[in-house]
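Read the structure below first, then the notes.
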Amino acid sequence: MKHLTNREEEIMEVFWTKGAIYVKDIIDEMPEPKPHYNTVSTIVRGLEDKGFVGHEQFGNTYRYSAIISREEFSKDTIKSMVGKYFNKSYASVVSMFVEEEKISIEEIKELIKQAKSAKNGNDE
C-alpha cells in the first residue's frame, strides 16, 4: 500500500467518518484555516490515483468515497512500520511497548488469552 501524507490522511479520515462526500463537504469538515477548493480537489484526485478513493459522477460534479477501509489502512501501515523499523519482528514491537511501560505484562497475558480463545473459536 502506498504512503499517505498528513493532509491525505486527514482527508481520508473525513471519508471514513462521513462516507460518500463531495469536495466542498470535505472542506466543511476541515479545521480553520480552510484549504482552497482546488487544493482539496487535487489531493482527492491523488488519493484516487493511489487507489484509496473512487468516485461517482453526477452531471459536472463528482462524489468521492473511500475504497480502502480505515482498518485495512491501519493494518497495512502497522505492517509497513514493523518491517521498516523493527526488522519485521512483532515481538520487538511488543518488547518496546513493555520497556516504555505502554503495556503491562498483565495486559499481554490478557491479549494472549483472547488470541487463544479467538483461535479456538470461543467467545469468552
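Please treat every number below as a calculation from the coordinates, not as lab data. The structure displayed is predicted, hence computed values, not measured ones. Because the Cβ atoms are built from the backbone with ideal geometry, glycine has one as well, and the counts that use them run over all protein chains shown.
When T17, T77 are ordered from fewest to most other Cβ atoms inside 10 Å of their Cβ, what list results?
T17, T77
Mean Kyte-Doolittle hydropathy of 0.5 or higher plus an axial Cα length of 30 Å or more: which whole DSSP H helices in the chain meet both? Mind dumping the intermediate values first?
Values: long enough: none.
Span-like helices in the chain: none at all.
For I78 and E32, calculate 0.36 nm times their separation in residues minus their Cα-Cα distance, and state this gained length in nm to one decimal.
13.6 nm
State the extension gain, in nm to one decimal, for the chain segment bounded by D25 and V94, taking 0.36 nm per residue of separation less the distance between their alpha-carbons.
20.9 nm
If I histogram all Cα-Cα distances within the chain using bins 10 Å wide from 0, what percent of pairs lands in each bin?
11, 31, 24, 21, 12, 1
Lys and Arg at +1, Asp and Glu at -1: add these up for the other residues within a Cβ distance under 10 Å of Y62 and post the number.
Computed value for this residue: 0.
Assuming 0.36 nm per residue, please report the length gained on full extension of the stretch I103 to T17 beyond their Cα-Cα distance. Intermediate results must be reported in sequence, preceding the final value.
Values: separation 86, 0.36 × 86 = 30.96 nm, distance 2.84 nm.
Fully extending the segment from I103 to T17 adds 28.1 nm.
Non-local amide H neighbours of V53 (under 5 Å, H modeled in plane, Pro and chain starts lacking H): which ones?
Those lying under 5 Å, H to H, from V53 are E48, I67.
Given N residues in the stretch 6-66, what is Rg(Cα) / (2.2 N^0.38 Å)?
With N residues counted in the stretch 6-66, Rg over 2.2 N^0.38 Å equals 1.00.
Which whole-Hz couplings ³J(HN,Hα) result when phi for each residue of the stretch 28-35 is put into the Karplus expression 6.51 cos²θ - 1.76 cosθ + 1.60, θ = phi - 60°, listed in order with x for Gly and Pro?
Those phi angles translate into 4, 7, 8, x, 5, x, 5, x Hz.
May I have the convex hull volume per residue, in Å³, for the Cα set of the stretch 60-100?
Dividing the Cα hull volume of the stretch 60-100 by its residue count gives 97 Å³.
What ranking of D49, D25 emerges when the number of other C-beta atoms within 10 Å of each C-beta is taken as an exposure proxy, fewest first?
So the ranking, lowest neighbour count to highest, is D49, D25.
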